[in-house]
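These notes are about the structure you will find just below.
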Amino acid sequence: MASNEVPTWHGTTILTVRKDGIVAVGGDGQVSIGATIIKANAKKVRRLGKGDVIGGFAGATADAFTLFERLESKLEQYPGQLLRASVELAKDWRTDRYLRRLEAMMIVADANVSLVLTGTGDVLEPEMGVAGIGSGGNYALASARALVDGPLSAEEIVRKSLDIAADICVYTNRSVTVETLKS
């Protein structure tokens with residue numbers, strides 16, 4: 001890396017699984033700059049609103065907290081309507097000059113719907129109730145899709161899949177946070 005280049009932030013695997021009336025969202029705790037682990041136990045998954053929404057983020061931490069705050073504001077404006085609140089946030093994210101510069105993705109879920117939110121205005125409901133984002137997201141997603149028809153619970157699938165992602169992705173660790181909600 002040239003001396004004038006800004007180091008690239010890497011890290012995070014966030015995964016959601018919806019199965020048997022339970023939705024689980026989990027994420028690892030590693031934050032890295034380049035090849036250096038800056039923090040190993042960051043909490044990237046948390047409850048939002050009145051505790052009836054779970055959110056997980058991949059990307060720059062300050063940007064993600066800004067998005068969480070904006071989403072919580074939208075949830076206050078549209079209580080019990082995660083899809084509507086997410087669409088309104090996505091509109092703002094695409095059109096607001098400040099928000100457009102944010103570098104993050106989010107997975108959010110409530111009792112009824114799981115969504116992936118991106119800065120390009122995407123509000124996507126995952127196939128099979130499974131979605132992954134972040135540097136290890138595709139590894140965790142593949143693992144979860146393989147496990148979803150088996151006997152494991154949603155939370156067990158998230159934990160196992162994050163563990164598998166940690167075996168493959170150097171930007172994913174085993175310091176895991178998982179939150180669940182009943183559908």
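The values are calculated or read from the model by the stated rules, or taken from the named source; none is laboratory data. Please read these numbers as outputs of a predicted model, since none were measured by experiment. Here the Cβ positions follow ideal geometry from the backbone for every residue, glycine too, while neighbour counts run over all protein chains shown.
All conditions but one from (1) more than 17 Å from GLY137 (Cα to Cα); (2) at pLDDT 95 or above apply to VAL45; the one that does not is (1). Scanning the range 51-86 for residues that are among the hydrophobic types (A, V, I, L, M, F, W, C) and touching a helix residue (DSSP H, G or I) at 6+ places or on another chain (Cβ under 8 Å) returns VAL53, PHE57, ALA58, LEU67, LEU71, LEU75, LEU82, ALA85. For the structure I just gave you, tell me whether ILE22 is surrounded by 22 or more Cβ atoms within 10 Å (Cβ to Cβ), out of contact with any Phe, Trp or Tyr (no Cβ under 7 Å at 6 or more places or on another chain) and at negative phi. No, not satisfied.
Of all residues in the range 16-37, those satisfying the criterion of being hydroxyl-bearing (Ser, Thr, Tyr) and touching a residue at least 12 places away in the same chain (Cβ under 8 Å) are THR16, SER32. Residues that are touching a strand residue (DSSP E or B) at 6+ places or on another chain (Cβ under 6 Å) and surrounded by fewer than 19 Cβ atoms within 10 Å (Cβ to Cβ) within the range 69-92 comprise GLU72, VAL87, listed in sequence order. The sole residue among VAL53, VAL130, VAL87, VAL116 that is of a type in the set (A, V, I, L, M) and more than 14 Å from the chain's Cα centre (by Cα) is VAL87. Within the range 130-138, is even one residue in a helix (DSSP H, G or I) and either over 19 Å from THR16 (Cβ atoms) or modelled with pLDDT of 90 or more (or both)? Yes; the residues of the range 130-138 include at least one that is in a helix (DSSP H, G or I) and either over 19 Å from THR16 (Cβ atoms) or modelled with pLDDT of 90 or more (or both).
Is there a residue being of a type in the set (Val, Ile, Thr) and touching a residue at least 40 places away in the same chain (Cβ under 8 Å) anywhere in the range 67-88? There is no residue in the range 67-88 that is of a type in the set (Val, Ile, Thr) and touching a residue at least 40 places away in the same chain (Cβ under 8 Å).
Taking the options VAL116, VAL108, name whichever one is free of Cβ contacts under 8 Å to residues at least 24 places away in the same chain, buried (at least 18 other Cβ atoms within 10 Å of the Cβ) and among the β-branched types (Val, Ile, Thr). So that I can check it myself, show each step before the final result.
On the way: VAL108 fails: free of Cβ contacts under 8 Å to residues at least 24 places away in the same chain.
Among VAL116, VAL108, only VAL116 is free of Cβ contacts under 8 Å to residues at least 24 places away in the same chain, buried (at least 18 other Cβ atoms within 10 Å of the Cβ) and among the β-branched types (Val, Ile, Thr).
Please indicate, with yes or no, whether at least one residue in the range 130-147 is within 17 Å of VAL53 (Cβ to Cβ), in contact with a Gly (Cβ under 9 Å, 6 or more places away or on another chain) and not acidic (Asp, Glu). The answer is yes, given that some residue of the range 130-147 is within 17 Å of VAL53 (Cβ to Cβ), in contact with a Gly (Cβ under 9 Å, 6 or more places away or on another chain) and not acidic (Asp, Glu). Restricted to the range 25-36, and to residues there that are among the aliphatic types (A, V, I, L, M) and surrounded by fewer than 15 Cβ atoms within 10 Å (Cβ to Cβ), the residue that is farthest from ASP110 (Cα to Cα) is ALA35.
Taken over the range 37-74, the residue count meeting the criterion of being among the acidic types (Asp, Glu) and more than 16 Å from MET105 (Cα to Cα) is 1. Checking each residue in the range 100-120 for being in contact with a strand residue (DSSP E or B) (Cβ under 7 Å, 6 or more places away or on another chain), modelled with pLDDT of 90 or more and not in a strand (DSSP E or B) picks out ASP110, ALA111.
Could you identify the single residue in GLU103, GLU156 that is touching a Gly at 6+ places or on another chain (Cβ under 6 Å), of a type in the set (Asp, Glu), surrounded by fewer than 17 Cβ atoms within 10 Å (Cβ to Cβ) and closer than 19 Å to ASP28 by Cα?
Working: GLU156 fails: touching a Gly at 6+ places or on another chain (Cβ under 6 Å).
Testing whether each residue is touching a Gly at 6+ places or on another chain (Cβ under 6 Å), of a type in the set (Asp, Glu), surrounded by fewer than 17 Cβ atoms within 10 Å (Cβ to Cβ) and closer than 19 Å to ASP28 by Cα leaves just GLU103.
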